[in-house]
1. Alpha carbon centre of segment 169-222 versus segment 41-97: separation in Å?
2. If you take the C-alpha gyration tensor of segment 91-211, multiply each eigenvalue by 5 and take the square root, what semi-axes do you get, largest first, in whole Å?
3. How far, in nm, would the chain grow between residue 41 and residue 84 when pulled straight, counting 0.36 nm per residue and subtracting the alpha carbon separation?
4. Per 10 Å bin, what percent of the C-alpha pairs of segment 37-158 does each bin hold, from zero upward?
5. In whole percent, what relative contact order does segment 62-158 give with Cα contacts below 8 Å and a gap of six or more residues?
6. According to a simple spin-label model (label point 7 Å from Cα along Cα-to-Cβ), what is the distance in nm between residue 185 and residue 134?
7. Arrange the following residues from fewest to most other Cβ atoms within 10 Å of their Cβ: 171, 195.
8. Which three numbers, in whole Å and largest first, are the semi-axes of the equivalent ellipsoid of the chain derived from its Cα gyration tensor as √(5λ)?
């Protein structure tokens, strides 16, 4: 399992993913779930994956090598819009399913993959999509300014309570870090290090790309500060007056 979260904010995108992959308690590895597709001053796209590692790697490799549409070989470096990029990712998922799906079904293994795709092309709008295992997708909006994949439930409450479309990306980083730390605390299948990307609208390049480990000073501030803040909030709430 993994946890990835993307924020769609007025001023930019904030995207965060863990790196843990496990195939049993004695087979735990580190793989980056974040992939960048960039042409300076022309386009900047980020893909984050969750689910079966073999499936997600097959999809990512297909996006790198290109998909033959009958007219040309199309990649995330050639698509004319973010909407078309989401369609292409969905098509890559479906093609991997057509190749590997029957074998998965024969071995009673779930074909499991989900993807977050965020970015912008020069002259077009910044967008954030979530692509499902069927290849269909949804899009983040100002009313729903975040999307999650993987082990989502532990990190969702803080985003539901605090995040707004006009949240500054720097505050968005703080929120996704708290969201991730809550998930790390409650689910051992999600693990450090974590990968962070911050993109400012119309920049066509990342403002921040950072691999965060347990020793990272800001991670320690989040990890210790959030725990203490929750304890203080708990202690500040009065006991029910109907119990002695």
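Only the coordinates and a few stated rules stand behind these numbers; no lab work does. Note that the coordinates shown come from a computational prediction; the quantities given were computed from them, not determined experimentally. Every residue, glycine as well, gets a Cβ built from its backbone with ideal geometry; the counts of neighbours run over all protein chains shown.
1. Taking the Cα centre of each part, segment 169-222 and segment 41-97 sit 24 Å apart.
2. Each semi-axis is √(5λ); the values are 28, 21, 13 Å.
3. On the way: separation 43, 0.36 × 43 = 15.48 nm, distance 1.92 nm.
Once the chain is fully extended between residue 41 and residue 84, it gains 13.6 nm.
4. Distribution as computed: 13, 43, 32, 11, 1 percent.
5. On the way: 110 pairs, mean separation 21.9, N = 97.
That works out to 23 percent.
6. 3.6
7. Going from sparsest to densest Cβ surroundings: 171, 195.
8. Largest first, the chain gives 33, 23, 16 Å.
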